[in-house]
Amino acid sequence: MSILLNKVSKKYGAQNIVREFSLEIESGELFVLLGPSGSGKSTLLRMIAGLTPQDTGEIYLNDRNVTALSPQKRGIGFVFQNYSLFQHMTAAQNIAFGLEILRVPKAERDERVHELLGLIGMADLGNRMPSQLSGGQQQRVAVARALAQRPEVLLLDEPFGALDVKIRAQLRQNLRDIQQRLNVTAILVTHDQDEAFELADRIGVIDGGELLEVGTPYQLYRKPQHRFTATFLGSVNLLAAERNGTTIHLGDKRLPAPPQTDHLAGQSVEMMLRPESVEIALTPENLEGHLLGSGIVESIAFAGVLERVAIRVQDWEQTVHALVNPDKARELNIRPGDHVYVGVRDFHLLPLN
Amino acid sequence: MREKPVRTFWPWLLIAVVVVYAGLLLLAPLVAVISGAFEDGIQPVLEAITAAEALLSLRLTFFLAITASVINAILGLIVAWVLVRHRFPGKWFFNALVDLPFVVSPVIVGYVMIVLFGRTGWLQNFPIQLAFSLPGMLVVTVFVSLPFVIREVMPVLASLTREQEEAAFTLGASSWMTFYRIVFPAIRHGIIYGIVLTLARALGEFGAVAVIGGGVQGVTETATIYIYRSLHDRNDIGAYSMAITLGVISVGILVVMNWLRRDPSEKGSQHVDPTE
């Protein structure tokens, strides 16, 4: 076990920032802590680094209890959102700083710096001052600096938050490659679900200082346990329903219960439909999945690869969103005001809470 | 910002006002002093400035200015740090207090010191004699030049993000190492500039040291007091010579400090790439 958190808590005054947070992270894993701003995710990361003292709980890094240790002694690398490079040092000097602290001999130090500059694809730019580097380059130097001492654990606090979308996507891939090549355990904090999906081995969803659930990106997107997770990770349609035995009652419609939802038997539930699982057809016979009802098309909007269609379903006076392939949309030839049938290919159930 | 090309009458008038104003106030006295001093050639100037009491007063001025600068550099840095980084009750009051030397007349400072530490003062049994003595003169010099380092360093310190220091911590650097390697280089310019101002202020101080020191010839007489006494004694050449000496020293300090304050990135670009 590379990182183990046991009931870590933090309060500022009367406000709970992090509440009894427990988590286990495997060696070599890239774990993404995903949550909205103010959810306590950065505070938690700073507590793991020792930069913010926790009120209660224990922190273990590679089976070593570091709860009482200063950040200097935890053997972690930390990457800050705003790069935080030492402005009066060159990129190479920034990377070498941690090695100087460890009194690594000059020759060895230079070799390591050279290696790291190569790793981040900046072999020729070691001489530049931070002010002469782009935001993306500065962030890569910050990652190299954090890796210089070969830390057991790499902690990244919204590392791409200040960069534009294109650079961000590039750096994500770069970071994932580096992390896997060095096989370093990493925790990355972000509020960006795309970033989490692309990078994470596993994602932990945090809200209000509490860890709601942990899972692979697929699990959390398709089969979340919490309404918050369902709504935070992408857009979703939620429909109130009942689960009786193995049947879902949605208004006068009957649908078979999806697998792995037996614990919700006999309860009021919400059906969770991702827009890409929602179907539209002009007749009920043309639906591949289960019929949900019929309604009026409210709007059709271009959404990049797909088109987003909003349908007001008459039976339950609720708007359902569907993502439709443009070819399919053209074939249906629908316009706002048209009457259509709405079906669903697959769905998930959430407890009503 | 680029200057606008001058076309109409009104800007020319403004420029003329500025030139005449600066000329009268800054240049005219300079010309007067220099021409007055060298009226009879360089020999009398050299004699006047190497006279025993002139040298003594210069030495005293230097001692006071340099010692006060060292003290204010160290204490100023600590005060600036505390005022920027720490929270404590009454902080606003101390912050305001720092500017006191800017607004209080130095003569009053000297007078208050005598009232406190003089023969009939409240603190007359203070173990070190301050009234009419060197320690007293040092104390008032430190007082009048106190705000400069603090006020120069505070904004620079406030603009530093804590994250750079935290980054150094996570890389294993101790608090002292972090200050020395990360914080100090960032605020170095503020410190140096503060020291220049402190030094300049201390070199030129007159009122406070005259009152607390009493201006005893050869004992507590600083260079500025020497000039004042020379004028009284109709020793014009002595006054002129000392004025020029102090002026040259001030300009020299400015030049040296400007050289020290060079852009740090220039130094950085001379750094040899360790990867080569």
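The values are calculated or read from the model by the stated rules, or taken from the named source; none is laboratory data. This structure is a prediction, so every number in the text was calculated from the model and none was measured. Don't worry about glycine lacking a Cβ; one is built from the backbone with ideal geometry, like all the others, and counts go over all protein chains shown.
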Single residue of A:R128, A:R168, A:R150, A:R145 found to be more than 10 Å from chain B (Cβ to nearest Cβ) and either under 25 Å from B:E165 (Cβ atoms) or part of a loop (DSSP other than H, G, I, E, B) (or both): A:R150
Residue within the stretch B:122-136 that is in contact with a Ser or Thr (Cβ under 8 Å, 6 or more places away or on another chain), over 25 Å from A:G75 (Cα atoms) and not aliphatic (A, V, I, L, M) present: yes
Any helices (runs of 4 or more DSSP H) falling wholly within the stretch B:112-227 and containing at least 1 residues that are touching a residue at least 24 places away in the same chain (Cβ under 8 Å), more than 14 Å from chain A (Cβ to nearest Cβ) and not aromatic (F, W, Y): B:134-144, B:147-159, B:184-204, B:207-213
Selected residue [modelled with pLDDT of 85 or more, more than 30 Å from A:L85 (Cβ to Cβ), aliphatic (A, V, I, L, M) and touching a helix residue (DSSP H, G or I) at 6+ places or on another chain (Cβ under 6 Å)] from B:L160, B:L134, B:L146: B:L146
Candidates A:T56, A:T67, A:T43 - the one that is of a type outside the set (K, R) and either touching a helix residue (DSSP H, G or I) at 6+ places or on another chain (Cβ under 7 Å) or within 16 Å of A:H191 (Cβ to Cβ) (or both): A:T43
Number of the exception - A:L220 against (1) more than 18 Å from A:P36 (Cβ to Cβ); (2) buried (at least 23 other Cβ atoms within 10 Å of the Cβ): (1)
Hits in the stretch A:125-161 (condition: surrounded by fewer than 20 Cβ atoms within 10 Å (Cβ to Cβ), of a type outside the set (D, E) and under 21 Å from A:Q179 (Cα atoms)): A:G135, A:G136, A:R150, A:G161
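If we keep just the residues of the stretch A:71-86 that are assigned to a loop (DSSP other than H, G, I, E, B) and facing chain B (nearest Cβ under 7 Å), which is surrounded by the fewest Cβ atoms within 10 Å (Cβ to Cβ)? Walk me through it before giving the result.
Applying the first criterion (assigned to a loop (DSSP other than H, G, I, E, B)) to the stretch A:71-86 yields A:74-75, A:80-86.
The next check asks that each one be facing chain B (nearest Cβ under 7 Å); those that pass are A:80, A:82, A:84, A:86.
Working: A:F80: 26, A:N82: 17, A:S84: 23, A:F86: 21.
By that ranking, first place goes to A:N82.
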Matching residues, the stretch A:37-51, being surrounded by fewer than 18 Cβ atoms within 10 Å (Cβ to Cβ) and either hydroxyl-bearing (S, T, Y) or within 12 Å of another protein chain (Cβ to nearest Cβ) (or both): A:S37
Cβ pairs under 7 Å, 6+ apart, first in the stretch A:303-329 and modelled with pLDDT under 85, second of a type outside the set (K, R) and part of a loop (DSSP other than H, G, I, E, B): A:D315/A:G251; A:W316/A:G251
Residue match in the stretch A:85-102 (condition: over 15 Å from A:G209 (Cα atoms) and either charged (D, E, K, R) or under 24 Å from the mean Cα position of the chain (by Cα) (or both)): yes
Residue in the stretch A:266-280 that is over 27 Å from A:P36 (Cβ atoms) and assigned to a strand (DSSP E or B) present: yes
Pick from the stretch A:88-122, criterion assigned to a loop (DSSP other than H, G, I, E, B) and at the interface with chain B (Cβ under 7 Å from one of its Cβ atoms), ranking: surrounded by the most Cβ atoms within 10 Å (Cβ to Cβ): A:T90
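Any residue at all in the stretch A:247-261 that's β-branched (V, I, T) and within 31 Å of the chain's Cα centre (by Cα)?
Yes, some residue in the stretch A:247-261 is β-branched (V, I, T) and within 31 Å of the chain's Cα centre (by Cα).
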